[in-house]
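Below is one structure, written out as structure tokens; comments come after it.
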Amino acid sequence: MTERLAGKVVLVTGGTSGIGEAVARRVVAEGVAVVVGARRAEAGRALVAELGERAVFVRADVTVEADAEALVAAAVRELGRLDVAVNNAGTVTAGGPVQGIDADAWAADLASNLTSVFYGLKHQIPALTEGGSIVNNASIGATTGIPGMSPYVAAKHGVIGLTRSVALECAARGVRVNALVTGNVDTPLYRGLLHAGPDDDLGEAPNPSQRTAAPAEIAAFVAFLLSDEARFITGAALPIDGGATAG
Ligand SMILES: NC(=O)c1ccc[n+]([C@@H]2O[C@H](COP(=O)([O-])OP(=O)(O)OC[C@H]3O[C@@H](n4cnc5c(N)ncnc54)[C@H](O)[C@@H]3O)[C@@H](O)[C@H]2O)c1
């Protein structure tokens, strides 16, 4: 592992599962201190116990603004400051054609996938100094339509607009904000959408590479984006999708 992130303090939401957990493991391997934010306290405490003394768990629901603020406060209070953040948590609540989606399900998808990123940015940006970096996990559904997932897709499209606007607001002071256009990744969320169990063969994913990514592949790209090696990349919506959005 390189030293490019060594000494930094990273915050990651949805950090007890899938891509978020892989990011937490990856950045700790690169020498950072990490605040893991998630709703499941038992899983969160077990993960930070494994990651070591430079890992802190904070129970946080990203749809609650006070929790977003508390995550930043915990980084500053317990680890000295905040350098980088990964707004990763998200869910798919509503499925099916738009005429069957009720307002509560629509609101839930917007809250967990878009308002959550707004709350994160609002409280993370003031805490970041020059060299700070944020990665927002969007989706291939942020740049393309997906039938039967319109609330999620609308929210993820919003993440790109939010990312670009906030990146422009803070580029001059050396703080970067980027979004991932993430494709098919083997996580509980993806398996849930396919109704597949943990040991089921997922078959070929619907992308030109005909496979799903491992969460660690996404985490490797996130670690690069968080580092100073990526210091000329900001306001970008970056595909990591096996070619899914290339056509
Ligand atoms: N897996 C894929 O194929 C894929 C594709 C595109 C985008 N994404 C995005 O990647 C991100 C991570 O998803 P994943 O695939 O790792 O799924 P996952 O279900 O393994 O992880 C998501 C995590 O977010 C947490 N979370 C959800 N709502 C939350 C809330 N309100 N407060 C706090 N935590 C909350 C979940 O509990 C879970 O720990 C999501 O934003 C998802 O939309 C995933």
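Using the alpha carbons of the stretch 18-63, what is the convex hull volume per residue in cubic angstrom, as a whole number?
Looking at the stretch 18-63, the number lands at 66 Å³ per residue.
Lys122 versus Leu168, label points 7 Å from Cα toward the beta carbon: distance in nm?
A separation of 2.1 nm, rounded to one decimal place.
For the pair Arg211 and Asp228, how long in nm is the line joining their label points, each one 7 Å along Cα→Cβ?
Calculated label separation equals 3.5 nm.
Along the charge dipole of the stretch 9-240, which of Ala94, His195, Ala138 sits closest to the positive end, that is, farthest toward it, with unit charges on the beta carbon of Lys, Arg, Asp and Glu (+1, +1, -1, -1)?
Farthest towards the positive end: Ala138.
Report the relative contact order of the stretch 63-156, percent, no decimals, based on alpha-carbon pairs under 8 angstrom and at least 6 residues apart. Before the final figure, lay out the partial values.
Details: 120 pairs, mean separation 39.0, N = 94.
Worked out over the stretch 63-156, it gives 41 percent.
Return the sequence-ordered ³J(HN,Hα) values of the stretch 84-98 in whole Hz as given by the Karplus equation 6.51 cos²θ - 1.76 cosθ + 1.60 applied to θ = phi - 60°, using x for Gly and Pro.
Using θ = phi - 60°, the values come out as 9, 9, 10, 8, 10, 4, x, 8, 10, 9, 9, x, x, x, 4 Hz.
Which order do the peptides 109-120, 162-173, 193-204 take when ranked by the mean count of other beta-carbon atoms within 10 Å per residue, highest first?
Details: 109-120: 23.3, 162-173: 16.3, 193-204: 10.2.
Result, highest mean first: 109-120, 162-173, 193-204.
In nm², what is the average projected area of the convex hull enclosing the Cα atoms of the chain? Walk me through the intermediate numbers first.
On the way: hull surface 51.5 nm².
Spelled out: convex hull of the Cα atoms, projected over all directions, averaged, 12.9 nm².
Would you mind calculating the relative contact order of the chain from Cα pairs under 8 angstrom and at least 6 residues apart, reporting the percent as a whole number?
Reported as a whole number, the value is 20 percent.
If I model a spin label as a point 7 Å beyond the Cα along the Cα-Cβ vector, how far apart are those points for Glu53 and Ala6 in nm?
1.9
None of the figures in this text is laboratory data; all of them are computed from the coordinates on show. Just so it is clear, the model here is predicted, and its values are computed rather than measured. Cβ atoms come from the backbone with ideal geometry, glycine included; neighbour counts cover every protein chain shown.
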